[in-house]
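One structure below.
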Amino acid sequence: MGNEQLSFSPGEPQKKALSLLGLARKAGKLEMGADPAAEALQKGKAFLILLAGDLSRRSARKAADAASQKNIPVLQAPWGMDEAADALGKRAGILAVCDRGFAEKLTALLSRQASSTEEESYTYDD
């Protein structure tokens with residue numbers, strides 16, 4: 001996943017998920033970026049980690065490992081960092097959702113998106 005550009009076609013669950021992330025951000029329940037997400041994990045505030053589809057493997061692995069140590073789920077988002085920036089006002093490849101309700105709803109929406117498109121799972125191995 002080096003420097004290649006990925007194109008994501010927004011489906012209805014994806015639009016709803018980005019909208020919900022916007023609400024979470026306005027509510028102060030979303031940390032955007034590697035360092036803020038790592039801090040949310042360390043402080044026990046994160047309930048879900050979302051990784052942009054065009055995030056580097058190294059960054060994705062590091063975030064997934066940190067989340068795994070805290071038993072926090074990690075989902076591969078069906079959008080890239082530019083799409084997240086358009087929706088959220090800030091470009092970030094790692095998002096920490098710091099509210100259980102937002103995390104559960106996002107998990108349901110993104111699981112539905114993944115199963116409806118039958119995308120392959122994202123792996124963090126080399």
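Nothing in this text is a laboratory measurement; each read-out follows from the coordinates by a stated rule. For clarity, every value in this text was computed on a predicted model and none was experimentally measured. Positions of Cβ are backbone-derived with ideal geometry, glycine not excepted, and every protein chain shown enters the neighbour counts.
Quick notes on this one:
- Set K15/K62; K15/K43; K45/K105; K29/K90; K15/K70 screened for pairs whose C-alpha atoms are more than 24 Å apart: K15/K62; K15/K43; K15/K70
- Taking other C-beta atoms within 10 Å as the exposure proxy, V97, V74 rank V74, V97 from fewest upward.
- Gyration tensor (alpha-carbon) shape descriptor, segment 29-104, a/c threshold 1.5: oblate
- Rounded to whole numbers, the Karplus 3J(HN,Hα) couplings from phi for segment 70-85 are 9, 6, 9, x, 10, 10, 7, 6, x, 9, x, 5, 5, 5, 5, 4 Hz, using 6.51 cos²θ - 1.76 cosθ + 1.60 with θ = phi - 60°, and x at Gly and Pro.
- Segment 25-69: C-alpha gyration tensor shape, a/c 1.5 cut-off, then a/b vs b/c: oblate
- Residues E31, E104, sorted so that the one with the fewest Cβ neighbours within 10 Å comes first: E104, E31
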